[in-house]
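One structure is given below, encoded as structure tokens.
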Amino acid sequence: MKVIDSHTGGEPTRIIVEGGPDLGSGPIADRARRFREEHDHIRSAVCNEPRGHDAMVGGMLCEAHEPGCECGIFYFNNVTTLHMCIHGTIGLIATLAHMGRIGPGRHGIDTPVGVVHADLDETGKVTVANVPSYRYRAGVPVEVPGWGEVKGDIAWGGNWFFLIEGFGPDVEVANLHRLTDFSRAVRRALAAGGITGEDGGEIDHVEVFGPPGNPAEADGRNFVLCPGDAYDRSPCGTGTSAKLACLAAANKLAPGEIWRQASILDTVFEGSYEALDGGRILPRVSGRAWVTGQSIYHFQPDDPFQYGIPT
Ligand code: PYC
């Protein structure tokens, strides 16, 4: 198996470019389900130690099902497959360019949540037009053991997010452990209270907002807890999409206006949106990825951790 590694604003992406499992043909969502049900050991082998670590996001490069797409992709992490991942898509575009498969221009990518388009420019900047996003509920109260009542918005940005501002620890890198504890407690309280996305989907990402470290470079800083309990080193593209949906719903950002979202590490994604019918938006998120290496993996039958150390 061959993988190519990159990072997008600090968040790693590892794309399986050769030697992945045979998932057949058909819609990417079906192939992602087949991967989850029949090849979960490959997810663990790629993302977990000793080859990976808890922040690693993997991607399985496939033939596209939808016409006009450059490729298909689905993403996974240390515990599960993801609906969508924008930092991963920015990493995928950098990887395809590194492989010589694509150059600057617009590229269609077939994903489990629909076709997305990514523009690569001459400088390496990638802009992803994400799936339609929306705020589902605003100011939802949840009683969080040890932290009291916390209010947040529920929004879809390709994953379900609970977006919190004004509660919990300050969004500063010195508070990483407390932010992780807080966000995990919020996610547990949401699950215990039966609070879900509109489709009953689990809210598996928690996003806490604070002021930017440097207002000349960003409009806000976030901390994002991912499903496997790692924090997103990047500003999280699906999380930025969910934020844009909330700003649009609250009339705080006009269509086409730029929102600069900094991560907890102060790496920045730029976001803007186009208004769609029914209160939905089409978010566009820009960032940059850098290829860091490539590897050939060996699976030795007598290696007790050939498929990773489960998280
Ligand atoms: O950038 O969308 C994103 C993402 C999701 C999980 C980690 N990063």
- Message: Give me the tail of P(r) for the chain as a percent: Cα-Cα pairs with distance above 27 Å.
- Response: 39
- Hull volume in cubic angstrom per residue (convex hull over the Cα atoms of the range 20-82): 77
- Note on the structure: Diffing the range 291-297: the Karplus 3J(HN,Hα) column from phi (6.51, -1.76, 1.60, θ = phi - 60°), in whole Hz with x for Gly and Pro, holds 6, 10, x, 9, 9, 10, 8
- Item | Cα-based reach from K151 at 22 Å (exclusive), listing lysines while leaving out same-chain residues under 8 positions away | K243, K252
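Between E49 and M99, take the C-beta separation as r, use R0 = 30 Å, and let me know the FRET efficiency to the nearest 0.05.
Values: r = 27 Å, r/R0 = 0.89.
E between E49 and M99, to the nearest 0.05, is 0.65.
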- Message: Can you compute the radius of gyration and Dmax for the range 218-311, using only the Cα atoms, both in Å?
- Response: 18.3, 59
- What would the Debye formula give as log10 I(q)/I(0) at q = 0.11, 0.13, 0.14, 0.19 Å⁻¹ for the alpha-carbon point model of the range 21-129, no solvent? -0.33, -0.46, -0.54, -0.96
- Stretchable slack from M1 to A192, in nm (0.36 nm times residue separation minus alpha-carbon distance): 64.8 nm
- Item | Pairwise label distance in nanometres, H177 with R36, each label 7 Å out on the Cα-Cβ vector | 3.4
- Run the quick spin-label model on L276 and W147: label points 7 Å from Cα toward the beta carbon, then report their separation in nm to one decimal. 2.9
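Suppose we keep just the DSSP beta bridges with both residues in the range 1-73; what percent of those would be antiparallel, to 5? List each step's numbers first, then the result.
Working: 9 of 13 bridges.
Within the range 1-73, antiparallel bridges account for around 70 percent of the total.
For every helix of n ≥ 4 consecutive DSSP H residues, a contribution of -39,500 (n - 2.57) applies; sum these over the chain, divide by its total residues, and give [θ] at 222 nm rounded to the nearest 500 deg cm²/dmol.
So the calculated ellipticity at 222 nm is -6000 deg cm²/dmol.
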- Task: Quick one: Debye curve from the alpha-carbon atoms of the range 70-169 only, equal weights, vacuum; give me log10 I(q)/I(0) at q = 0.17, 0.25 Å⁻¹ to two decimals.
- Result: -0.83, -1.24
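Read-outs throughout are calculated quantities, based only on the coordinates presented, and are distinct from any laboratory measurement. Please read these numbers as outputs of a predicted model, since none were measured by experiment. Note: ideal-geometry Cβ built from the backbone for every residue, glycine included; neighbour counts use all protein chains shown.
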